[in-house]
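A short worksheet on the structure shown next.
The values are calculated or read from the model by the stated rules, or taken from the named source; none is laboratory data. Note that this is a predicted model, so its numbers are computed, not measured. Ideal geometry is used to build each Cβ from the backbone, glycine not excepted, and the neighbour counts take in all protein chains shown.
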Amino acid sequence: MAKKQKTASKKARPAKAKKKSAPKKAKKSKAGKKGKRGKVIAYLGIGSNVGDREEYVEQALFLLEKNPNVELLKHSSNFETEAEGSGGQPPFINAAVAVRTKLPPEKLLDLCHEIEATLGREREIEWGPRTIDIDILFYGDEIVSDDKLQIPHPLMHERMFVLKPMREIAPQAMHPILEKTVEALYEERKAESGEKYDDELPGFKEIKGGGYDDYERW
């Protein structure tokens, strides 16, 4: 009987060790899941047509990079663009930037609005003059559609003043709905505009018409 008791006690010991190690394994797996979420590369369009336009663009970039959750990766050249919307507006300076961020899309939009407010953006007139305008163009390959935010930007494929700076920094970035690269969208839009657009001009002329009227509006 004594031998049987010793054998039983030896078998019981490994079972206790397994119970102690189980919680440690669970903690490691939770940490691993969090680590895989990582950061997303997003593309933003920036524009200004009030005051020192280039300075406002630079200030917007500074405030973006100042946020600990945003890393500025690329900044296109500044392009001068004829204003669309209400007549009589001064031309815009437009640019595109690539950022790496762990902010979700809604929080990134909030940050953009905060920067606009800091730099004196007023929203009294739709499509009116503005010190700074910051739009989310792409957020990784995500598609977002609600009352507050639409990603990809629903008009970016129609606007040469967005496509040209985007083409400079991310020609192979893929539009997740149209399934075309920025380069392809740029060339298509350029072909559609015909004589209304000259790639060598320092600024752009307003482009009307185009073949994207049936673009899905969610």
Selection within region 156-188 - at pLDDT below 95 and either surrounded by fewer than 15 Cβ atoms within 10 Å (Cβ to Cβ) or touching an Asp or Glu at 6+ places or on another chain (Cβ under 7 Å) (or both): none
Answer from T81, T101 - the residue that is β-branched (V, I, T), at pLDDT below 95, touching a strand residue (DSSP E or B) at 6+ places or on another chain (Cβ under 8 Å) and farther than 17 Å from V182 by Cα: T81
Residues of region 124-155 that turn out to be among the small types (G, A, S), in a loop (DSSP other than H, G, I, E, B) and at pLDDT below 95, as a count: 1
